[in-house]
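The values are calculated or read from the model by the stated rules, or taken from the named source; none is laboratory data. All figures in this text were calculated on a predicted structure; none of them were measured in a lab. All Cβ positions, even for glycine, are placed from backbone atoms using ideal geometry, and neighbour counts span all protein chains on display.
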Amino acid sequence: MKFYITTPIYYVNDIPHIGHSYTTIVADIVARWKRLNSFDVYFLTGTDEHGAKIAEVAKAKGKKPQEFCDEMSAKFRATWKLLNISNDGFIRTTEYRHFIAVENIVQILFDKGLIFKKKYGGMYCIGCEKFFAKKDLDKNGHCPFHKTKPILQSEENYFFKLSFFKDALLERITDVNHKEYINILPEERKNEIVGKLKLGLEDVSFSRSTIEWGIPLFFDKSQTVYVWADALINYITAVGYPSDETKFKNYWPADVHLMAKDILWFHSVVWPAILMGAQLPLPKTIYSHGFFTLNGNKMSKSLGNVISPQKLVENYGVDATRYLVVTLIPFGHDGDISWQGLTLKYNTDLANNLGNLISRTLKVAEKNFNLKAPQAVLNLDFVKNVEKKLKESFAYNMDNFQLHKAVENLQSAITLVNIQIEVDAPWKLAKTDKSKLAMCIFSYLQAIDIIAMYLLSFMPSLAERIWQITGASGNISDITKKYFTNGIIPEGGFSVSGTDLKPPGVLFPRIL
Ligand code: ME8
């Protein structure tokens, strides 16, 4: 089965911050999880490079727009590499293949009479790259997202007949039995979209006459395609539209478009309408998460109070950064984060619970079994209990993007093993009952291996390292795929008796 997941394509007017990292890490964790469950995954991210905002910043830096975009897009790529993001595709809207896709779609819509010319004036926020109705501005007449005053703009544009799709959209968003049902999540956000849709739908500008930095409108070269129309089409360009029919048929429609609530309207209304106009299948799920605030303040590039992924990695390392950012807010809800909160979570979950489990298990093995997996039978009841903690709801949580809850499942499995260690007191058994001690250590090792397999999507390098420390055999991804399919613990365990273990060192140094 295929699974196509996307992040938004990020504007290159500034460098990536923790907000972009959050969406991308969530998508990565889910993509890895699906691969481990044998899905044929296509995971897409990329950069959105046209429009007034980017042209302005490039100009201010004394650069040509394309040169500026090349530099900035490379920074996004480098950040995703740093965070061990396993994207299959990376799309840039300045690529030739994308021009072709946009031209194709615009041509189809134009031929169907869905694009028409109209004079238009309104309040335009460059930060959002969109016109605002007065009622949608805050009480000071400012953009609710950027807190800046939109500028009054008036020009002759080509418009897309969005209003034509109102009823069709409402049906597809609200009727779960519709064969083209679009599942908008979370429910509260969907209700907002439905409420707004019911109030009416206005046609939207599809081109700009004043912005040169964009894809020229092929039937009127004095205009460029509106940056949002251009941007949304990336999701089909990347999977082969229009030239690679096999790839396109294989992956489209997207299974999940992931983003924050700021751009949900574009994805759940404008995008499906464009697709319907072009008679293409609609995305299955559109999932929006909340916004991070930092110490109570909204965090965004334009407000200048951002946490950089590089700083997070410097403080916590790559794997812990991936883990921490997804645990800090319940997916779908807004939440406040702070360095203090991140460090507390790091110390509690990773240094204390997980780090401790591995270090004490290995210490006893080193002292008593010459750093080898002991010869013993498995305490199957105990290992099954650990499995149960994970199996019960982990998969459900992962499949439903409740990653913060999946992490709680993981932590409770780790805690269970730590509690068992307290009960068994291996340091006492070392003096009294060597064969029971062997069984305990052998069983802890297998439990740690199971935990590592569930951790693999969150902390890929760390899980591999744990796999080496416990001397588990085979490649962790291959074994995990097998284990997730058949649920069988191999007869001799994952870490076979007699294999060499590795000293773990300090996996998570405590941070003060
Ligand atoms: O909107 N909290 O790009 P963008 C959580 N190019 N997530 C955040 C965040 C925060 N404080 N700040 C940003 C665009 N994000 C368009 C998208 S898609 C066809 C075009 C994340 O660079 C979140 O995913 O402004 C949000 O939706 C996205 O970055 C906006 O990125």
| task | Restrict the check to the stretch 32-45 and report whether at least one residue is among the charged types (D, E, K, R), without any contact (Cβ under 8 Å) to a residue 40 or more places away in the chain and crowded, with 22+ Cβ neighbours inside 10 Å. | result | yes
| request: Find all pairs meeting these conditions: Cβ atoms under 9 angstrom apart; at least six residues apart or on different chains; first residue within the stretch 219-245 and closer than 18 Å to Ser205 by Cα; second residue among the polar types (S, T, N, Q) and within 14 Å of the ligand (Cβ to nearest atom). | output: Val227/Thr93; Asp230/Thr93; Ala231/Thr93; Ile233/Thr93
| request: Kindly list the number of the only condition in (1) at pLDDT 95 or above; (2) of a type in the set (Asp, Glu); (3) within 16 Å of the ligand (Cβ to nearest atom) that fails for Asp244. | output: (3)
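Would you tally the residues in the stretch 85-138 being small (Gly, Ala, Ser), modelled with pLDDT of 95 or more and part of a loop (DSSP other than H, G, I, E, B)?
Of the residues in the stretch 85-138, 2 are small (Gly, Ala, Ser), modelled with pLDDT of 95 or more and part of a loop (DSSP other than H, G, I, E, B).
If the requirement is being modelled with pLDDT under 95, within 16 Å of the ligand (Cβ to nearest atom) and among the aliphatic types (A, V, I, L, M), which of these qualifies: Ile215, Ile211, Ile233, Ile193? Steps first, please.
Details: Ile215 fails: modelled with pLDDT under 95; Ile233 fails: modelled with pLDDT under 95; Ile193 fails: modelled with pLDDT under 95.
Among Ile215, Ile211, Ile233, Ile193, only Ile211 is modelled with pLDDT under 95, within 16 Å of the ligand (Cβ to nearest atom) and among the aliphatic types (A, V, I, L, M).
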| query | Within the stretch 250-271, is there a residue that is free of Cβ contacts under 8 Å to residues at least 12 places away in the same chain and more than 16 Å from the ligand (Cβ to nearest atom)? | reply | no
| field | Positions within the stretch 302-336 being over 19 Å from the mean Cα position of the chain (by Cα) and either outside any loop (DSSP other than H, G, I, E, B) or modelled with pLDDT of 80 or more (or both), in sequence order | value | Ser302, Leu303, Lys311, Glu314, Asn315, Tyr316
| Within the stretch 234-267, how many residues turn out to be loosely packed, with under 15 Cβ neighbours inside 10 Å and under 22 Å from the mean Cα position of the chain (by Cα)? | 1
| request: Check the stretch 40-58 and report whether any residue there is more than 30 Å from Gln279 (Cα to Cα), more than 16 Å from the ligand (Cβ to nearest atom) and not hydroxyl-bearing (Ser, Thr, Tyr). | output: no
| task | Could you tell me whether the stretch 342-356 includes any residue that is part of a helix (DSSP H, G or I) and within 16 Å of the ligand (Cβ to nearest atom)? | result | yes
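Pick out the one residue from Ser435, Ser393 that is hydroxyl-bearing (Ser, Thr, Tyr) and under 26 Å from Gly332 (Cβ atoms).
Working: Ser435 fails: under 26 Å from Gly332 (Cβ atoms).
Every option except Ser393 fails the conditions.
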| request: Scan the stretch 139-187 for residues that are hydroxyl-bearing (Ser, Thr, Tyr) and under 27 Å from Gln107 (Cβ atoms) and jot them down. | output: Tyr158, Ser163
| task | Run Phe218 past the list (1) of a type in the set (Phe, Trp, Tyr); (2) within 22 Å of Arg97 (Cβ to Cβ); (3) crowded, with 23+ Cβ neighbours inside 10 Å and report the number of the one that doesn't hold. | result | (3)
